[in-house]
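Shown next, in structure tokens, is the structure this report addresses.
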Amino acid sequence: AGWSIDEHGPWTAFHGPGELPLAGWKVHVSTLPHRAREVVGRAVRIAWEQGVAVKALRTRALVQASQQKYAPLTASGKVVTAYPADESTLVRLVAALAEALAGEPGPGVPGELAVAGAPVFLRHGAFTSTWLVTAMGTAVPGVADAGGVTADRRGPGGGRGHVPPAQLGPLLAAAPTRRLDVTGVSLVHRSNAGGVYGATWADGRAVVLKEARRYAGLDAGGADAPTRLRHERDVLERLAGTGVAPEVHDYVLLGDSEFLVMTRVPGATLAEILAARH
């Protein structure tokens with residue numbers, strides 16, 4: 001009683017009784033396509049039992065599409081989104097999801113706080129669709145509060161302006177303490193699979209870092225970005241010394257990402273050459 005279900009876009013939404021605030025702590029659950037039916041079922045039931053409004057992607061095919069290499073990075077991993085109305089509900093919901101989904105594989109959600117040992121993530125943001133027009137005249141997602149409407153940042157670099165309840169501290173994953181020993185980092189390309197960066201290695205060598213995010217950037221066969229990156233490393237190692245491909249400098253595991261470190265080859269990219277020479 002008091003609940004309604006509706007579909008909009010790729011989502012099925014479950015609305016409980018009572019009004020939601022304009023903004024708050026959103027909880028995201030990620031999963032892989034072949035586990036989506038089980039994980040979504042558990043997560044939605046837990047939210048329903050706790051009276052929390054929740055939405056989920058409607059089909060396994062939509063989960064697969066949302067995790068492909070060129071799917072929007074701001075939506076990466078967001079298979080289930082729950083909207084606890086207050087912090088006490090947030091704490092109960094996260095604890096229940098962490099227990100029920102412990103050990104389940106799923107891609108990380110960039111820019112969000114992660115729960116240790118479970119594919120559960122959270123950030124503070126808008127609960128209702130709000131838009132902000134920038135000085136350039138473009139509309140971007142916004143979040144409304146007592147001070148007005150500000151940009152609702154998602155993805156890498158977003159969601160860091162609020163401190164979660166102290167009770168969640170023991171559940172949250174610690175930030176990686178290890179860092180790559182590089183300087184002069186520049187972004188060459190970013191996708192749902194990871195990023196490509198130019199940098200200077202500790203020994204002064206100019207390198208390219210190719211990142212692969214675990215469980216993300218799925219191809220049509222379901223292989224994730226690290227699987228393809230390891231294959232690329234193996235091929236480059238077979239070509240070592242031939243002068244026809246970059247040399248592998250290192251291969252580093254760091255948090256939920258893997259990095260292939262290659263010598264930087266100067267010159268135009270293949271895409272630029274194709275455009276210039278047709």
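Mind checking which residues of the range 201-223 are farther than 16 Å from Met262 by Cβ, open to solvent by less than 20 Å² (accessible area, probe 1.4 Å) and either among the acidic types (Asp, Glu) or out of contact with any Pro (no Cβ under 8 Å at 6 or more places or on another chain) (or both)?
Correct list: Gly217 only.
For Ile5, the criteria (1) in a helix (DSSP H, G or I); (2) open to solvent by 20 Å² or more (accessible area, probe 1.4 Å); (3) not small (Gly, Ala, Ser) hold in every case but one, which is (1).
The single condition among (1) in contact (Cβ under 8 Å) with a residue 12 or more places away in the chain; (2) in a strand (DSSP E or B) that Leu20 does not meet is (2). Of the candidates Ala118, Ala114, the single residue that is assigned to a strand (DSSP E or B), free of Cβ contacts under 8 Å to residues at least 60 places away in the same chain and open to solvent by less than 50 Å² (accessible area, probe 1.4 Å) is Ala114. Is the range 21-41 home to any residue that is open to solvent by 30 Å² or more (accessible area, probe 1.4 Å) and closer than 30 Å to Gly148 by Cβ? Scanning the range 21-41, I find at least one residue that is open to solvent by 30 Å² or more (accessible area, probe 1.4 Å) and closer than 30 Å to Gly148 by Cβ, so the answer is yes.
For the range 252-267, filtering for residues that are closer than 18 Å to Arg213 by Cα, open to solvent by 30 Å² or more (accessible area, probe 1.4 Å) and of a type in the set (Gly, Ala, Ser) leaves 1.
Quickly run through the range 69-87 and pick out the residues that are under 16 Å from Gly108 (Cβ atoms), open to solvent by 30 Å² or more (accessible area, probe 1.4 Å) and not in a loop (DSSP other than H, G, I, E, B).
Leu73, Thr74, Ala75
Gln64 satisfies every condition listed in (1) under 25 Å from His8 (Cα atoms); (2) open to solvent by less than 20 Å² (accessible area, probe 1.4 Å) except (2).
Among the criteria (1) without any contact (Cβ under 8 Å) to a residue 60 or more places away in the chain; (2) surrounded by fewer than 16 Cβ atoms within 10 Å (Cβ to Cβ); (3) among the small types (Gly, Ala, Ser); (4) out of contact with any Lys or Arg (no Cβ under 7 Å at 6 or more places or on another chain), the one Gly195 does not fulfil is (2).
The values are calculated or read from the model by the stated rules, or taken from the named source; none is laboratory data. Predicted, not measured: the structure shown is a model, and the values here were computed from it. All Cβ positions, glycine included, derive from the backbone under ideal geometry; neighbour counts span all protein chains shown. Protein only, heavy atoms only, side chains kept; ligands, DNA and RNA dropped before computing areas. Shrake-Rupley method; radii C 1.70, N 1.55, O 1.52, S 1.80 Å.
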